[in-house]
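A quick write-up on the structure given underneath.
We did not get these values from a lab; they are worked out from the coordinates using the rules stated. These figures come from a predicted structure and were not determined experimentally. Cβ sites come from the backbone with ideal geometry, for glycine too, and all protein chains shown count toward neighbours.
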Amino acid sequence: MTLFHPNRATLTSTPNSRVWMAFDLDSQEWIATVFVRNEGGLHYLSRRYLGERPPLSALYRDAYAHGEWAQRPFRVGHRATQASVACVLALYEHFCGSQGSDAISFMRQVCEPEQLYHAREIRAIQEQASWEGIEYPVDWTPESTRALIERLSDINHRKLACLVERTVGAPKP
């Protein structure tokens, strides 16, 4: 999922859909990230569009026709894709809280500036994950911690995954 800065994007939200749109001045393209909820999951699409701003109906149609199906609720043991970024980051924040650690401070140790999140963005990520459907572990066991490390790697937060592994000493598979 492309995470947009709120000052550079718009969000159109209904009870069962969320569409982020931003215009890329360099490429002269619209960037759309679309989530459409259905029973048991959601359709996800991130795509660029040339020309005029695409209507919502076209975005929904493209999400169903060309988007990725993502099972929900998301659990730490599920394979993560770009449709799961908010859920994985929400799990990471939940894990840090359970360990008495600050998720943002942890990220600052290893993440590039464009990957850093602030408290406002963490709250937005948690809200998005809740909207998508997420199930948090009751307890963070060595197995669920290992799965979180794998999910962070799945969404290209490998340095963060390595830091979590070094810090908690997660068991090797």
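Local charge for Glu121 was computed over the other residues whose Cβ lies under 11 Å away, with Lys and Arg +1 and Asp and Glu -1, and equals 0. With only Cα atoms counted, the chain has Rg and Dmax values of 16.6, 51 Å.
If packing is taken as the average count of other Cβ atoms within 10 Å, what order do 140-153, 65-78, 15-28, 86-99 fall into, highest mean first? Could the numbers behind the result be given before it?
Numbers: 140-153: 19.3, 65-78: 17.2, 15-28: 13.2, 86-99: 21.6.
Per-residue Cβ counts within 10 Å, averaged per peptide and sorted highest first, yield 86-99, 140-153, 65-78, 15-28.
Taking Cα centre as origin and charging only the Cβ of basic (Lys, Arg, +1) and acidic (Asp, Glu, -1) residues, the dipole magnitude of the range 64-133 rounds to 200 debye. You can think of it this way: the chain between Thr12 and Glu52 has 12.7 nm of extra reach, that is 0.36 nm per residue less the Cα-Cα gap.
When Lys and Arg each count +1 and Asp and Glu each count -1, what net charge do the other residues less than 9 Å away from Ala80, Cβ to Cβ, add up to? Computed value for this residue: 0.
Using Cβ point charges alone (K and R +1, D and E -1), the dipole size of the chain about the Cα centre works out to roughly 80 debye.
Placing unit charges on each Cβ (+1 for Lys and Arg, -1 for Asp and Glu) gives the range 95-146 a dipole about its Cα centre, and among Gln99, Ser144, Gly133 the Cα reaching farthest toward its positive end belongs to Gln99.
Mean separation of Cα pairs under 8 Å and 6 or more residues apart, divided by the residue count, gives the range 60-129 a relative contact order of 32 percent. What the Cβ-Cβ distance of Ser27 and Gln71 gives, at R0 = 41 Å and to the nearest 0.05, is a FRET efficiency of 0.80.
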